[in-house]
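Can you read through this structure? Questions will come right after.
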Amino acid sequence: AAIHRADYRPPEWLVPDVELDFDLAAERTRVGARLTVQRNGDHDAPLRLDGEGLKLIEVKVDGKPAEHLHAQDALTIPIVGDEAVVETLVEIAPGANTQLMGLYESGGILCTQCEAEGFRRITFFPDRPDVLSRYRVRMHADKILYPILLANGDPVAHGDEEGGRHWAEWTDPFPKPCYLFALVAGDLVANQDSFITRSGRTVALGIWVREGDIGKTGHAMESLKAAMAWDERVYGREYDLAMFNIVAVADFNFGAMENKGLNIFNSRYVLADPDTATDADYDAVAGVVAHEYFHNWSGNRVTCRDWFQLSLKEGFTVFRDQQFSADLGSAAVKRIDDVRALRAAQFPEDAGPLAHPVRPDSYIEISNFYTATVYNKGAELIRMMHSLLGAEKFRAGTDLYFDRHDGTAATCEDFAKALEDASGIDLARFRRWYSQAGTPRVRASLTHHAGEGRARLVLEQTVPATPGQPRKAPVPIPLKIALFDELTGQKYTDRLVLLEEKRQDLLFEGIGGRPILSINRDFSAPVIIETDRKVDDLAFLSARDDNPFARYEAMQQLMLETLVTAVSTGSADHKPVIEAIRQTLTNPAMDPAFIAESVLLPTEAFVGDHMLVVDPDAIHAAREKLRSDIGDELESQWRAAYASSSANRFEYSPAAKGARRLRTVALGYLMAADAEGAPAMALMQFENADNMTDRQGALGNLVNSDTTERQTALGAFYERYQENPLVLDKWFTVQALSMREDTVDKVAALARHPDFLLANPNRVRSLVGAFTANQRAFHHRSGRGYRFLGDMILTIDPLNPQTAARLIPALGRWRRFDETRGQMMKAELERIIATPNLSRDAFEQATKSLG
Ligand code: ZN
């Protein structure tokens, strides 16, 4: 059942033109399709169209009823000449579509999700990204239920019909693969605005939501306009249609979708106002709006030849949205966030049974490959090429890429080739990054010969074995490196070193005093660095490195080493960490947003990733002990930080965001130390907040405690927001992330709460997804967490396989735990695999996770 990259063949038939006619209704929709088909190449194969769950009513070729075979998700039609007009009529039931792929209903709105293979659930078609067509789409629907009818491209005509119905027609002049098809029908209102492109064309912008949500669309609109201007300025990319629409829906499997001219979004990445969205939500809205908009070039104008090339559009577009967000806010804090996400999601993936290259070699179900590796490691590969070429040559490379491949379906190789051709820089070896899975490790040892004023740095790399890839070749690793004089703090050198071989020696002259190594600054490569730097060196760097990311990193390393020592030996000296935090906290030159990020301890899961056998309880205990010592020893500093960052009226600015962040972090340390009056402070923050960041920050701290304030706040939050699904998600999440001993049982109880909706992916992720990220609770020694997850996966799979399958990798970490836990996790995987009628999605994830 696996599909292999090596088996790629060009399509046998092309479909230059498509006309679709939708007779829309939730319970029954009729889809008429008129395809102009052209034989591609010298062969006599029949036309083969994909189709899944379609009720076929008729098939015509050149206007006449035609011979055909309808079997196994395909319609085969013999065609005599090299061109024909093929018409099909099918019936589907959007209201019964719980998979949320194809045409489905969400809160009374009819909408589509076609990437990767949802279009075949709408009509018969060669559902592959290298078949590009021009679309003309006509929709008919009830005028009251569905007053707004949207599709890709530009509207051309509309009118009324009898029976209280109406119709609208849209055309999209740009040939596109069917995964970019979209339509929306619903009772929607728009925030309308416009953007004038640099060549002077006016683009009508619309953000479509349910009436009550219109007041929450301002931030998305500002973000969209900023993204349009940024792409013109930084990549020279201009928008190409007269209209750009975004629609928000409540039921959505992923974040959002870049359908040509008609982006469809999970409402959580559109709706934001101070009362309901945190600063992190605001940032995510801006990032996702930009991401989907940027796909108009990196994804739509140039698309993917096949799904193995997914990172061509996703890795590149994630890199673009990261650059955009860095430009808009604090670049250092953005880099910290991105690296944190990479380490939390991608490093474990790369180290486990589901490890795969950025350009995979095979898959069973493509939906399972929308991974942190394809997206986030993919973005890191683009970032490395950006630093190898430099901004200017990189831009020349992307210009050439867009120019050369506009209107076509391209490969990752095409991208690398364009960068190479435009820059003259050889990327032959760099391509290994696309084909080899596993996170490379770099061992760096620095020795100093004071007498000769010389330092020597030995760098050695290994790329670990991963499933199906036992032996690896070295990859080119760009490492930003600096050396500092231990006493004076003077910087000896600061440069980009390219580690290409397995081992490389570097000599530095003129190094009189003992040098301290700062390496992988800005996280210039997605690798794990091993050094033998002493505690004092890390403390030095955390205070004095001039690269903010490197300062953060040194602090993290110091904390991590302290925690790993505490877990493995039962105790550790907390002083160095406390002193390093004191330095950072009291440094007036540092930005509060940066301070807040760097004084946070690594997560329990991250500590676990650095142990041979993860001991969740010991990690939790050690981390809590360190947290309370930090809170205790620095109590007056935390109180001062809390007071100085105290709220004025809400404002969404980098400074105000930084202040809010630091405030909640300070509160967390005071709570951890059981400081006098801390729960009351938290409750006061909760009650007086004029924004969700402060309110959720307070609740997130209280929820770990055993206080009456905890109950008060949880109850009040529910009362206030029970009608708002996105905020109610937070109420579930905050409890799923609680560090209390009883969380596993609380979560199981919440799954029986009337507001826990299995059909809504956001709600499932808010409780179950968040729970699996809570290492201590999920890995509760009783095994109740595993059992709960197994039950959830098996309950959700028949409704929504993609959402179910995404919960499975948490069980795939069984090798990392003790025998007892490992066996219990495996037992859940085996139970899943043994379940009749399991989806292909869940089957692939569970069998691969079992190994
Ligand atoms: Zn994307």
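Please state which one of 522, 536, 546 is under 20 Å from residue 333 (Cα atoms), among the charged types (D, E, K, R) and assigned to a helix (DSSP H, G or I).
Selected residue: 522, the only one of 522, 536, 546 that is under 20 Å from residue 333 (Cα atoms), among the charged types (D, E, K, R) and assigned to a helix (DSSP H, G or I).
Go through the range 98-113 residue by residue and tally those that are crowded, with 24+ Cβ neighbours inside 10 Å and either touching a Gly at 6+ places or on another chain (Cβ under 6 Å) or part of a loop (DSSP other than H, G, I, E, B) (or both).
Total meeting the criteria: 3.
Do you know which residues across the range 305-321 are out of contact with any Gly (no Cβ under 7 Å at 6 or more places or on another chain) and either within 14 Å of the ligand (Cβ to nearest atom) or of a type in the set (D, E, K, R) (or both)?
Those that are out of contact with any Gly (no Cβ under 7 Å at 6 or more places or on another chain) and either within 14 Å of the ligand (Cβ to nearest atom) or of a type in the set (D, E, K, R) (or both): 305, 306, 307, 309, 310, 312, 316, 319, 320.
With within 15 Å of the ligand (Cβ to nearest atom) and in contact with a Gly (Cβ under 6 Å, 6 or more places away or on another chain) as the only criterion, which of 266, 300 stands out?
266
Tell me, which residue of the range 687-729 that is of a type in the set (D, E, K, R) and touching a residue at least 40 places away in the same chain (Cβ under 8 Å) is surrounded by the most Cβ atoms within 10 Å (Cβ to Cβ)?
So the residue we want is 694.
Going by what's in this entry, would residue 344 be described as under 18 Å from the mean Cα position of the chain (by Cα), more than 16 Å from the ligand (Cβ to nearest atom) and either surrounded by fewer than 21 Cβ atoms within 10 Å (Cβ to Cβ) or part of a loop (DSSP other than H, G, I, E, B) (or both)?
Yes, satisfied.
Among (1) closer than 26 Å to residue 470 by Cα; (2) hydrophobic (A, V, I, L, M, F, W, C); (3) surrounded by 21 or more Cβ atoms within 10 Å (Cβ to Cβ), which single condition is residue 318 missing?
(1)
Same structure again: Which condition number does residue 350 fail, the rest of (1) within 16 Å of the ligand (Cβ to nearest atom); (2) touching a Gly at 6+ places or on another chain (Cβ under 6 Å) being met?
(1)
While we're on this one: I'd like to check which helices (runs of 4 or more DSSP H) are fully inside the range 747-851 and have at least 1 residues that are closer than 26 Å to residue 1 by Cα, within 26 Å of the chain's Cα centre (by Cα) and not polar (S, T, N, Q).
784-796, 801-805, 819-833, 840-850
Tell me the residue from 261, 255 that is within 14 Å of the ligand (Cβ to nearest atom) and of a type outside the set (Phe, Trp, Tyr), please.
Sole residue among the options that is within 14 Å of the ligand (Cβ to nearest atom) and of a type outside the set (Phe, Trp, Tyr): 255.
Go through (1) out of contact with any Pro (no Cβ under 8 Å at 6 or more places or on another chain); (2) part of a loop (DSSP other than H, G, I, E, B); (3) not aliphatic (A, V, I, L, M) for residue 315 and report which single condition fails.
(2) is the only condition that residue 315 fails.
Hey, among 554, 641, which residue is free of Cβ contacts under 8 Å to residues at least 60 places away in the same chain, under 21 Å from residue 698 (Cβ atoms) and surrounded by 23 or more Cβ atoms within 10 Å (Cβ to Cβ)?
641
Somewhere in the range 322-335, is a residue more than 16 Å from the ligand (Cβ to nearest atom), closer than 26 Å to residue 466 by Cα, outside any helix (DSSP H, G or I) and touching a helix residue (DSSP H, G or I) at 6+ places or on another chain (Cβ under 6 Å)?
Checked against the condition, which is being more than 16 Å from the ligand (Cβ to nearest atom), closer than 26 Å to residue 466 by Cα, outside any helix (DSSP H, G or I) and touching a helix residue (DSSP H, G or I) at 6+ places or on another chain (Cβ under 6 Å), the range 322-335 yields no hits at all.
In this structure, is residue 58 surrounded by fewer than 17 Cβ atoms within 10 Å (Cβ to Cβ), part of a strand (DSSP E or B) and of a type outside the set (Gly, Ala, Ser)?
Taking the combined requirement at face value, the residue satisfies it.
When you scan the range 269-288, how many residues do you find that are more than 14 Å from the chain's Cα centre (by Cα) and within 16 Å of the ligand (Cβ to nearest atom)?
Summing the residues that are more than 14 Å from the chain's Cα centre (by Cα) and within 16 Å of the ligand (Cβ to nearest atom) in the range 269-288 gives 1.
Do you know which residues across the range 222-249 are closer than 18 Å to residue 175 by Cα and surrounded by fewer than 16 Cβ atoms within 10 Å (Cβ to Cβ)?
The answer is 238, 242.
Yes or no, residue by residue, for (1) of a type in the set (Asp, Glu); (2) in a loop (DSSP other than H, G, I, E, B); (3) at pLDDT 95 or above:
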residue: 392; (1), (2), (3): yes, no, yes
residue: 397; (1), (2), (3): no, no, yes
residue: 400; (1), (2), (3): no, no, yes
residue: 409; (1), (2), (3): no, no, yes
residue: 417; (1), (2), (3): no, no, yes
residue: 426; (1), (2), (3): yes, yes, yes
residue: 433; (1), (2), (3): no, no, yes
residue: 455; (1), (2), (3): no, no, yes
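If you scan the range 487-540, which residues turn out to be closer than 21 Å to residue 347 by Cβ and over 32 Å from the mean Cα position of the chain (by Cα)?
The answer is 533, and nothing else.
Take the residues in the range 394-413 that are more than 22 Å from residue 238 (Cβ to Cβ) and away from the ligand (no atom under 16 Å from the Cβ); name whichever of them is surrounded by the fewest Cβ atoms within 10 Å (Cβ to Cβ).
Taking the candidates together, the pick is 413.
Now for a different question. Across the range 481-501, what is the number of residues that are farther than 20 Å from residue 385 by Cα, part of a strand (DSSP E or B) and among the β-branched types (Val, Ile, Thr)?
Qualifying residue count, the range 481-501: 1.
Further, regarding this structure: For the range 219-238, how many residues are out of contact with any strand residue (DSSP E or B) (no Cβ under 7 Å at 6 or more places or on another chain) and part of a helix (DSSP H, G or I)?
12
Give all pairs with beta carbons closer than 7 Å in which a residue from the range 106-118 that is farther than 19 Å from residue 22 by Cα meets a residue that is of a type in the set (Phe, Trp, Tyr) and at pLDDT 95 or above; count only pairs at least 6 apart in sequence or on separate chains.
115/179; 116/179; 116/307
Which pairs do you get when a residue that is within 19 Å of residue 133 (Cβ to Cβ) and of a type in the set (Gly, Ala, Ser), found in the range 292-305, comes within reach of a residue that is within 11 Å of the ligand (Cβ to nearest atom) and assigned to a loop (DSSP other than H, G, I, E, B), reach meaning Cβ atoms under 9 angstrom, with the pair 6+ apart or on two chains?
299/258
Moving to a separate point now. Of the conditions (1) under 24 Å from residue 333 (Cβ atoms); (2) more than 14 Å from the ligand (Cβ to nearest atom), residue 250 satisfies every one except a single condition; which number is it?
Exception for residue 250: condition (1).
The values are calculated or read from the model by the stated rules, or taken from the named source; none is laboratory data. Owing to the predicted nature of the structure, the values given are computational and were not obtained by experimental measurement. FYI the Cβ positions are ideal-geometry reconstructions off the backbone, even for glycines, and counts take in every protein chain you see.
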